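Enquirer: Take a look at this one; I'll ask things after.
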């Protein structure tokens, strides 16, 4: 008879984990963690004190360390894509599109730049991207403001 109240005490806090609010907070943390990695990487390719002026050292990095073809083009594309995609994911605006772009970037980094480094940290980025592709940006994403059918979907849950 005493096991029943004890089970009830355990179920109540665990039930809080099965809410839209908790999922929204979790997805916000996922978005911010993923976006921060790519945003910081993008900022290392920019001249200190500027907003988006690419540091010439970036092209040397893409040529000599990353061994990317046409570093003057791939460096520009990667730098601006990292900024744009990280911003989209951070804001939760076109979250799945931004996450898909970061998935492509992660795949390129994994396959062509650092193929020996899969388990750290690329697999973590991959996992965070998969969560966003599967669940979207969540309750605290700007996507919800532009999704006219979000109220209908919430009612169906």
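Read the figures in this text as sums done on the coordinates, not as results from a lab. Just so you know, these numbers come straight off a predicted model, no measurement behind them. Positions of Cβ are generated from backbone atoms using ideal geometry, with glycine treated the same way; all protein chains shown enter the neighbour counts.
Enquirer: Hey, of (i) 1.13; (ii) 1.00; (iii) 0.97, which did the structure itself give for Rg/Rh (Cα atoms, Kirkwood Rh) when calculated?
Expert: Entry (i).
Enquirer: Between residue 50 and residue 76, how high is the FRET efficiency from 1/(1 + (r/R0)^6) when r is the Cβ-Cβ distance and R₀ = 25 Å? Nearest 0.05. Intermediate values should be presented prior to the final figure.
Expert: Values: r = 14 Å, r/R0 = 0.57.
So the FRET efficiency works out to roughly 0.95.
Enquirer: While we're here: Could you give the nm distance between label points at residue 107 and residue 23, where each point is 7 Å from its Cα heading toward the beta carbon?
Expert: 2.7 nm
Enquirer: Starting from the Cα gyration tensor of the range 41-107, take the square roots of the eigenvalues, sort them a ≥ b ≥ c, and report rounded, prolate or oblate (rounded when a/c is under 1.5, otherwise prolate if a/b is larger than b/c, else oblate). Don't skip to the answer; put the middle values down first.
Expert: Details: a/c = 2.97, a/b = 1.47, b/c = 2.01.
Oblate, because a/c is 1.5 or more while a/b does not exceed b/c.
Enquirer: Beta carbons within 10 angstrom, averaged per residue: use that to sort the peptides 92-100, 127-135, highest first. All intermediate terms of the calculation are to be shown ahead of the outcome.
Expert: Values: 92-100: 20.1, 127-135: 16.7.
Descending packing order for the listed peptides: 92-100, 127-135.
Enquirer: OK, next. With springs only between Cα atoms under 10 Å, which of 11, 110, 37 fluctuates most in a Gaussian network model of the chain?
Expert: 11
Enquirer: I need 44, 74, 79 ordered by Cβ neighbour count within 10 Å, fewest first. Mind dumping the intermediate values first?
Expert: Working: 44 12, 74 17, 79 21.
In order of increasing Cβ crowding within 10 Å: 44, 74, 79.
Enquirer: Averaging sequence separations of C-alpha pairs under 8 Å and six or more residues apart, then dividing by the length of the range 36-156, give the relative contact order as a whole percent. Mind showing how you got there, number by number?
Expert: Values: 104 pairs, mean separation 26.6, N = 121.
Relative contact order for the range 36-156 comes out at 22 percent.
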